[in-house]
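**Student:** The structure under discussion is supplied below as C-alpha cells; questions concerning it will follow.
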Amino acid sequence: MSGKVWLVGAGPGDPGLLTLRGARALARCDTLVYDYLASAPIVNLAPPDCERIYVGKKAGQHTLAQDEITALLVRLGRAGKKVVRLKGGDVFVFARGGEEARALAEAGIPFEIVPGITSAIAAPAYAGIPVTHRDHNTSFTVATGHEDPAKGYSSLDFAKLANRKATTVFLMAMGHLAGIVAQLREHGLDGDTPVGIVHEGTKPSQRVVTGTLDTIVDEVENSGIGAPAVVVVGDVVRERDHLRWFDAQPLFGKRVLVTRPAHQADDFALSLWEAGAEPIVAPAIAIGPPDDPAEAHGAVARVREYDWVVFTSRNGVDAFFDVLGELGRDARAFGDARIAAIGPKTGEALARRGIRVDLIPAEFVNEAVAAELLARSAAGDRVLVYRAQEARDVLPETLRANGRVVDVVAAYRTRFVDDPEMGAKAERADIVTFTSPSTVAGFVHNVDGAGTLLAGKIVAAIGPITANAAREAGIRVDVVAEEFTVDGLVRALTERSTV
C-alpha cells in the first residue's frame, strides 16, 4: 500500500514563519523526517506518537547521505506511511527537494510540495536588509556558494553577479567566502560595495556582520561566525542602519527557562520568540488526574445545583469539560449557575467552550476572587471551587467564614517532572521564569542548591504568590509581573530590559 509524502519547507528558523499548510501537514503525519535547520517548536507540532527520524546535515557532519535520505522517503511511502519531509527554508531553493520529489514520482508515491519561506529573503529581512529597494537595485539574484564538488567546475557567472545595480544573495557560502569575494572583485565589483553576513537568521542567536568587499573576510574572521549564514552583496546592506529591528528588541538573544507544564509551554515560548528571546522549555511539573476522580465526576454531574462555579486555572476548565464529555453532556449542564474565573486566560478557556464568564476579578489571585464573590452572592449560596488538589485554602475559607456553602473539589493534581538535565538547562539560561508555586517546587525538586545556581540569573515570577514561594525556597526574585499572566510576565521582562 502506498502512503504519501509531504515535502514541507520549515522556513528559516523562527517557528512563526511556518505556513499554515505546513502546520496542517505536520498535524496529520505518522512519520517525520527532518533536517538540522528545522527548529524544535516546529518539530514538536507533529503528533506525540509520530515516529521522528533526524537526517540533519551540517558542514562535515551528515547523519545520512542524500541518496540514503531519498531511499528512506521512498521506503516509508511504500510502507503506507504519511510522511512529512521537513526541510529548512524552502523545499526547492538549494534544498535538494527537486531530487527527492523526482524519486517519489518515479516510484509512484503520491506527494505534495509545501513551499517555505527561504532564508535568502527572511534572514536579510530580520537583519533589516531588504533584498530590493528602489533607491539601490532593480533586481536580486539568489546563488549557491556551495556547488556540487563532483562537477569539477563552477556554473556561477560572476561577470553577471558583479553588478552594483543588483543584489546578490549567496547561500551556503561561508566555506568559500574569500573565493567568492575575490571573484566578484576580479569581475569588476568595487571594493567599497557593502556586504552583510547574517548568521542563524530569524533566530534569537542571530548575529550580523557588515563590511565591504575589501573588509568582509577580515570582519568575519574577527567575529568568529560561521555557517549557517546568508551573504548579501549590494548597496541594500546600507539600509540596516535604518531598518534594524529584530536584534534591537529588548529580549533579543536572551535565553529564558520556561518551567511551566509542557502542554502550556508553547504559548509562552512563542511569545518569547516574538520578543527576540530563545526559550528553553524545561517543564518542572505535569498535570494528572486527582487522587479521587470519583469526587470530581460527582461535582460535575450535579453542577447545576450550585449558585456559583469557580475555576482557578485553565487546567481546571480542561479537566471539567473532559469529565463533562465522559458523562455525555455539554455546557447546558451548568443550568443557571454563574461562573467565576480567576483571570482572563481562564476566562478565554471557558469562552472557547461556549461559556460566558460572570466574574473575573481585577487582580488575578484567590483573595480577589473571594472579595468579588462575597460582593455578588448571599449567605447560604452554594459555591463549587474546582481547582488543583494542592491549591491554597484562602478562597474557600474566606467564603465559608462569610456564610457561603463551599464544596472544594480537586480537578487535577500536579506532580514533579524528574529532569536530570534541569540544572544544566538553567545554567544555559540568562532568565529563569516561574508561573506558579508548583513550578518553583518542581524546580527545587530537580536542582540541589537552586538559590545558589540562580544567583547570577534574572529570576521572574508571574505574581506575588509565586514570588513568595521562590523566596521561601531561597531563590532571589528580580521581576514580578503586575498582570499575573504569561503576557504580563513577558511584558515585565521587556520593561526591565529597557530600563
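**Student:** Need the failing condition index for Arg52 against (1) touching a residue at least 12 places away in the same chain (Cβ under 8 Å); (2) assigned to a helix (DSSP H, G or I), just the number.
**Tutor:** (2)
**Student:** Criterion first (open to solvent by 10 Å² or more (accessible area, probe 1.4 Å), free of Cβ contacts under 8 Å to residues at least 12 places away in the same chain, assigned to a loop (DSSP other than H, G, I, E, B) and among the aliphatic types (A, V, I, L, M)) does Ala362 satisfy it?
**Tutor:** Values: open to solvent by 10 Å² or more (accessible area, probe 1.4 Å): yes; free of Cβ contacts under 8 Å to residues at least 12 places away in the same chain: yes; assigned to a loop (DSSP other than H, G, I, E, B): yes; among the aliphatic types (A, V, I, L, M): yes.
Yes; evaluated as a whole, the condition is true for this residue.
So that you can scan it fast, the table gives a plain yes or no per residue for (1) open to solvent by less than 40 Å² (accessible area, probe 1.4 Å); (2) within 27 Å of Glu363 (Cβ to Cβ); (3) in contact with a helix residue (DSSP H, G or I) (Cβ under 7 Å, 6 or more places away or on another chain):
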site	(1), (2), (3)
Gln389	no, yes, no
Asn402	no, yes, yes
Val406	yes, yes, yes
Thr414	yes, yes, yes
Gly449	no, no, no
Ala461	yes, yes, yes
Asn468	no, yes, no
Ala481	yes, yes, yes
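**Student:** Do we have Thr141 as farther than 30 Å from Ser2 by Cβ and part of a strand (DSSP E or B) here? So that I can check it myself, show each step before the final result.
**Tutor:** Values: farther than 30 Å from Ser2 by Cβ: yes; part of a strand (DSSP E or B): yes.
Yes: the conditions hold for Thr141.
**Student:** Which of (1) modelled with pLDDT of 95 or more; (2) surrounded by fewer than 19 Cβ atoms within 10 Å (Cβ to Cβ); (3) of a type outside the set (S, T, N, Q); (4) touching a strand residue (DSSP E or B) at 6+ places or on another chain (Cβ under 9 Å) does Arg102 not meet, given it meets every other one?
**Tutor:** (4)
**Student:** With (1) free of Cβ contacts under 8 Å to residues at least 60 places away in the same chain; (2) in a helix (DSSP H, G or I); (3) not acidic (Asp, Glu) as the list, and Ser497 as the residue in question, which single condition is left unmet?
**Tutor:** (1)
**Student:** Considering Asp292, Asp330, Asp336, which residue is under 15 Å from Ala388 (Cα atoms) and open to solvent by 60 Å² or more (accessible area, probe 1.4 Å)?
**Tutor:** Values: Asp330 fails: under 15 Å from Ala388 (Cα atoms); Asp336 fails: under 15 Å from Ala388 (Cα atoms).
Unique residue meeting the criteria: Asp292.
**Student:** Kindly evaluate Ala103 against the criterion of being in contact (Cβ under 8 Å) with a residue 24 or more places away in the chain and part of a loop (DSSP other than H, G, I, E, B). Give the derivation first.
**Tutor:** Working: in contact (Cβ under 8 Å) with a residue 24 or more places away in the chain: yes; part of a loop (DSSP other than H, G, I, E, B): no.
No; evaluated as a whole, the condition is false for this residue.
**Student:** So which strands (runs of 3 or more DSSP E) stay within segment 249-336 end to end and still have 2 or more residues that are farther than 23 Å from Leu17 by Cβ and in contact with a strand residue (DSSP E or B) (Cβ under 8 Å, 6 or more places away or on another chain)?
**Tutor:** 285-288, 308-311
**Student:** Could we say that Ala411 is closer than 25 Å to Ala262 by Cα and either of a type outside the set (S, T, N, Q) or part of a loop (DSSP other than H, G, I, E, B) (or both) here? Break it down into steps so the answer makes sense when it comes.
**Tutor:** Values: closer than 25 Å to Ala262 by Cα: yes; either of a type outside the set (S, T, N, Q) or part of a loop (DSSP other than H, G, I, E, B) (or both): yes.
Here the answer is yes, as Ala411 does meet what is asked.
**Student:** With in contact with a helix residue (DSSP H, G or I) (Cβ under 6 Å, 6 or more places away or on another chain) and among the aliphatic types (A, V, I, L, M) as the only criterion, which of Val43, Val84, Val93 stands out?
**Tutor:** Val84
**Student:** Right, next: Can you tell me how many residues in segment 195-220 are farther than 17 Å from Glu239 by Cβ, surrounded by 20 or more Cβ atoms within 10 Å (Cβ to Cβ) and within 31 Å of the chain's Cα centre (by Cα)?
**Tutor:** 6
**Student:** All but one of (1) within 33 Å of the chain's Cα centre (by Cα); (2) closer than 19 Å to Ile129 by Cα hold for Asp192; which doesn't?
**Tutor:** Of (1) within 33 Å of the chain's Cα centre (by Cα); (2) closer than 19 Å to Ile129 by Cα, only one is false for Asp192: (1).
**Student:** Of all residues in segment 5-49 being in a strand (DSSP E or B) and of a type in the set (Val, Ile, Thr), which is farthest from Lys82 (Cα to Cα)?
**Tutor:** Of everything passing the filter in segment 5-49, Val8 is farthest from Lys82 (Cα to Cα).
**Student:** May I pose another question? Taking only segment 17-59 into account, find how many residues are aliphatic (A, V, I, L, M), at pLDDT 95 or above and open to solvent by 80 Å² or more (accessible area, probe 1.4 Å).
**Tutor:** 1
The values are calculated or read from the model by the stated rules, or taken from the named source; none is laboratory data. What you see is a predicted model, and the numbers here were worked out from it, not measured in a lab. Here Cβ is always computed from backbone atoms with ideal geometry, including for glycine, and neighbour counts include all displayed protein chains. The area values use the complete protein model at the heavy-atom level, side chains included, leaving out ligands, DNA and RNA. Shrake-Rupley method; radii C 1.70, N 1.55, O 1.52, S 1.80 Å.
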